[in-house]
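Below is one structure; the comments refer to it alone.
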Amino acid sequence: MALVPYDETHLWGMQKLHKPSSVYSFANHTIQIKQNWKQLGVAAVVWDAAVVLCTYLEMGDVDLQGRSVIELGAGTGLLGIVAALLGAQVTITDREAALAFLESNVHANLPTDLQPRAVVKELTWGQNLSSFSVGGYDFILGADIVYLEETFADLLQTLDHLSADHTVILLSCRLRYERDQNFLTMMRGIFSVQEVHYDPGNDIRIFKAQRNNRKGEL
């Protein structure tokens, strides 16, 4: 996720993003997420796409118990935290500048006995991918990470590196611009992509992707 500080005077209707914390209830746990828009911009607030994907995972159609999961562009860490609470072994990633903030949220919200389920690790898309297992994950999760066109090639390279035939990619996003649709077109060169959920209240869509040579089930 890009680390872009924004001037709050230029934004309208986004007061919740400027709160110092937000509270959520998932997987029978109360999760309090620290936010810090002024320090880290978009990387330090909870976006609707993350909440929608957390809700989708909690609905139970996706079995994360004992699965290997990696989250890209984790920001505050809410999605990775929920995945760990649902039984996954999660690698929660973002750029280096966001890691201390991310790690503080993860440690504050996972019970001591569940802490080993989550590892926070630096990942800048398209860089140093050799430190991550090729196709080593059952699920790749991303919430609102499709928005900067200049990152699309690196994001696609990263998804390609991390996924095997069995890997399920779940991307939750609001399609704001034509370029966002262009990324889905790029993905279809490697993956079979389908919309599996739409939240009309938030205008958030969840897309499932798997390698074109295998169309598996969740």
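The values are calculated or read from the model by the stated rules, or taken from the named source; none is laboratory data. Computed from a prediction, not measured in an experiment: that's the story for all the values here. Cβ atoms come from the backbone with ideal geometry, glycine included; neighbour counts cover every protein chain shown. Only protein heavy atoms, including side chains, enter the accessible area calculation; ligands, DNA and RNA are left aside. Shrake-Rupley method; radii C 1.70, N 1.55, O 1.52, S 1.80 Å.
Mind checking whether some residue in region 193-205 is open to solvent by 50 Å² or more (accessible area, probe 1.4 Å), within 23 Å of GLU150 (Cα to Cα) and not polar (S, T, N, Q)?
Checked against the condition, which is being open to solvent by 50 Å² or more (accessible area, probe 1.4 Å), within 23 Å of GLU150 (Cα to Cα) and not polar (S, T, N, Q), region 193-205 yields at least one hit.
Sort out which residues of region 133-183 are among the small types (Gly, Ala, Ser) and surrounded by 16 or more Cβ atoms within 10 Å (Cβ to Cβ), and write them in order of number. Can you show your working first?
Keep residues of region 133-183 that are among the small types (Gly, Ala, Ser), which gives 133, 135-136, 142-143, 153, 163-164, 172.
Matches in region 133-183: GLY142, ALA143, SER163, SER172.
Restricting attention to region 130-157, report how many residues are in contact with a strand residue (DSSP E or B) (Cβ under 7 Å, 6 or more places away or on another chain) and on the phi < 0 side of the Ramachandran plot.
From region 130-157, those in contact with a strand residue (DSSP E or B) (Cβ under 7 Å, 6 or more places away or on another chain) are 136-146; that's our starting set.
Now narrow it down to the ones that are on the phi < 0 side of the Ramachandran plot: 136-143, 145-146.
Here the count works out to 10.
One line per residue, one yes/no per condition, for (1) within 15 Å of the chain's Cα centre (by Cα); (2) at pLDDT 75 or above; (3) open to solvent by 50 Å² or more (accessible area, probe 1.4 Å):
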residue: THR9; (1), (2), (3): no, no, yes
residue: LEU17; (1), (2), (3): no, no, no
residue: ALA27; (1), (2), (3): no, yes, no
residue: ASP48; (1), (2), (3): yes, yes, no
residue: VAL82; (1), (2), (3): yes, yes, no
residue: LEU102; (1), (2), (3): yes, yes, no
residue: ASN105; (1), (2), (3): yes, yes, no
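What residue, among those in region 29-38 that are of a type in the set (A, V, I, L, M, F, W, C) and over 12 Å from GLU58 (Cβ atoms), is modelled with the highest pLDDT?
Step one: of region 29-38, the residues of a type in the set (A, V, I, L, M, F, W, C) are 31, 33, 37.
Next, only the ones that are over 12 Å from GLU58 (Cβ atoms) stay: 33, 37.
Details: ILE33: 93, TRP37: 60.
Applying the filter and picking the extreme gives ILE33.
Being in a helix (DSSP H, G or I) and of a type in the set (Val, Ile, Thr) is the filter here, so list the residues in region 73-128 that pass it.
Keep residues of region 73-128 that are in a helix (DSSP H, G or I), which gives 78-85, 96-109, 112-117.
If the condition is that a residue be in a helix (DSSP H, G or I) and of a type in the set (Val, Ile, Thr), then ILE81, VAL82, VAL106, THR112 are the ones that fit.
Contact list please: Cβ distance under 7 Å, first residue in region 45-68 and in contact (Cβ under 8 Å) with a residue 60 or more places away in the chain, second residue open to solvent by 50 Å² or more (accessible area, probe 1.4 Å) and among the aliphatic types (A, V, I, L, M), pairs at least six apart or on different chains.
ASP61/LEU218; VAL62/LEU218
In region 155-195, what residues are touching a residue at least 40 places away in the same chain (Cβ under 8 Å), over 22 Å from GLY126 (Cβ atoms) and not charged (D, E, K, R)?
Of everything in region 155-195, just one residue is touching a residue at least 40 places away in the same chain (Cβ under 8 Å), over 22 Å from GLY126 (Cβ atoms) and not charged (D, E, K, R), namely HIS166.
If you take the residues in region 146-161 that are of a type in the set (A, V, I, L, M) and in a loop (DSSP other than H, G, I, E, B), which one is modelled with the highest pLDDT? Write out each step before concluding.
Taking region 146-161 and keeping what is of a type in the set (A, V, I, L, M), we get 146, 148, 153, 155-156, 159.
Among the residues that remain, those that are also in a loop (DSSP other than H, G, I, E, B) are: 146, 148.
Numbers: VAL146: 91, LEU148: 83.
For region 146-161, the residue satisfying everything is VAL146.
Can you confirm whether GLN89 is over 17 Å from the mean Cα position of the chain (by Cα) and open to solvent by 30 Å² or more (accessible area, probe 1.4 Å)?
Numbers: over 17 Å from the mean Cα position of the chain (by Cα): no; open to solvent by 30 Å² or more (accessible area, probe 1.4 Å): yes.
Criteria not met by GLN89.
For region 134-145, does any single residue satisfy the condition of being more than 17 Å from GLN89 (Cα to Cα) and not in a loop (DSSP other than H, G, I, E, B)?
yes
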